[in-house]
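Working notes for the structure below.
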Amino acid sequence: MSLDRNTTALVTGASSGIGEAVARAFRARDVQVYAAARRIDRLEKLADETGCIPVKLDVRDREAVMAFGRDQPVDILVNNAGLGRALGSIWKGEVEDIVTTVDTNVTAALIMIKAVLPGMIERGRGHIVNMSSVAGLYPLPMALYGTTKGAMHKLSRDLRQELKGTGIRVTEINPGRVITEFYDVAVDDDEQRQEITQTHCEDLVASDIADAVVYCVDAPWRVNVSQMEIAPTEQTYGGAQFVPFKGRDSQ
Ligand code: NDP
């Protein structure tokens, strides 16, 4: 698929961060972009700047998502809308945090795919880009968020199997820390947020991920980039931890 004005992309979560950067990068290539999110004021500003088409869409609104997929031909879906809650301790979060995170990061992403895939298969042309995370690949103290991103990882792999013979490509992107509004949504407490976000390292910026998405989508049709993990040079994952338990003697 060539990235030009004959290509149509739907980018969810385009009102900030990675989604906004992807929408900008696609527009720079003249792609027709539906930029979707709830904050329509942000999308309208983006539309003024880039010429994208703003779409007020709550990805948790199943009927609206299905209707969009039915009515608009989409060549590229960037399944990016997402959030994190109850980071660090799922048991300290609210039940609502669990419901919202799973609904937004997994259920909505699945329904989005269901909405656009029939058209892609019929037209014999399509690319689904799922925004997962390193949290979907490595053990991190983010059990809730990691569960949802792990689901996106499996979804991306399994979808490749289900789509064999259709010509539709599937890519999973696994970013490490990117400076966006993610932690403003994820962490309510200012002090805790500052503690988590001040890495004293050079984090990724949203356009780093957008550049990767453009590479995957713009690659010759024979090339399916199945997975791309992108971390800051100064961030690493994995490793064992030994933490003494104070109550060990009474066990
Ligand atoms: P931002 O908070 O900057 O962006 C999140 C986007 O998702 C916003 O545009 C928001 O739009 C949208 N969104 C959230 N809920 C809904 C909803 N119900 N309906 C429609 N849109 C929604 O964070 P990022 O750009 O960092 O996050 C983008 C993706 O990247 C997420 O899936 C995140 O998990 C993933 N990611 C982020 C990393 C990071 O370090 N920042 C690392 C790895 C992955 P609005 O509120 O206007 O609806």
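Bear in mind these aren't lab numbers, they're just calculated from the coordinates by the rules spelled out. The structure displayed is predicted, hence computed values, not measured ones. Positions of Cβ are generated from backbone atoms using ideal geometry, with glycine treated the same way; all protein chains shown enter the neighbour counts.
Computed values, structure above
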| read-out | value |
| --- | --- |
| Spacing of the two label points (7 Å from each Cα toward its C-beta) at Ile40 and Leu83, in nm | 1.9 |
| Net charge, Gln161 excluded, C-beta distance under 15 Å - Lys, Arg +1, Asp, Glu -1 | +2 |
| In sequence order, calculated HN-Hα J values of the range 187-201 (Karplus, 6.51, -1.76, 1.60; Hz; x Gly/Pro) | 10, 7, 7, 4, 5, 5, 4, 5, 4, 6, 8, 7, 8, 6, 10 |
| Relative contact order of the range 8-250, pairs being alpha-carbon contacts under 8 Å that are 6 or more residues apart, as % | 19 |
| Calculated FRET efficiency for the pair Val243/Lys114, C-beta based, R₀ 41 Å, to 0.05 | 0.45 |
| Cross-link pairs Lys92/Lys149; Lys114/Lys154; Lys114/Lys164; Lys92/Lys154; Lys92/Lys114 - those with Cα-Cα distance over 23 Å | Lys92/Lys154; Lys92/Lys114 |
| Computed lengthening from Ser226 to His200, 0.36 nm per intervening residue step minus Cα-Cα distance | 6.2 nm |
| FRET E, pair Glu191, Arg5, Förster distance 51 Å, beta-carbon r, rounded to 0.05 | 0.60 |
| Within the chain, helix-based [θ] at 222 nm, where runs of 4 or more DSSP H residues each add -39,500 (n - 2.57), nearest 500 | -12500 deg cm²/dmol |
| Rounded Å value of the spacing that divides the Cα centres of the range 49-66 and the range 1-39 | 12 |
| Dipole moment magnitude, nearest 20 debye, the chain about Cα centre, only Lys, Arg, Asp, Glu C-beta charged | 1020 |
| Lys/Arg +1, Asp/Glu -1 at C-beta; the chain dipole; positive extreme among Ala64, Leu117, Gln161 | Gln161 |
| From phi via Karplus (6.51, -1.76, 1.60), per-residue ³J(HN,Hα) for the range 50-62 in Hz, x at Gly/Pro | 10, x, 6, 9, x, 10, 6, 8, 8, 5, 7, 8, 4 |
| Placed amide H near Ala231: partners under 5 Å, 5+ positions off or other chain | Gly176 |
| Sparse-neighbour loop sites [trypsin sites (Lys or Arg not before Pro); the range 152-231; at most 16 other C-beta within 10 Å; DSSP] | Lys164, Arg222 |
| Stretchable slack from Asp61 to Asp184, in nm (0.36 nm times residue separation minus alpha-carbon distance) | 42.0 nm |
| Potential lengthening between Thr166 and Val102 on full extension [0.36 nm per residue; Cα-Cα distance subtracted] | 20.2 nm |
| The range 203-213 - phi-based ³J(HN,Hα) in whole Hz, Karplus 6.51/-1.76/1.60, Gly and Pro as x | 6, 6, 10, 4, 5, 4, 6, 4, 4, 5, 4 |
| Which of Ile76, Gly126, Asn174, positive extreme of dipole for the range 8-250 (C-beta unit charges) | Gly126 |
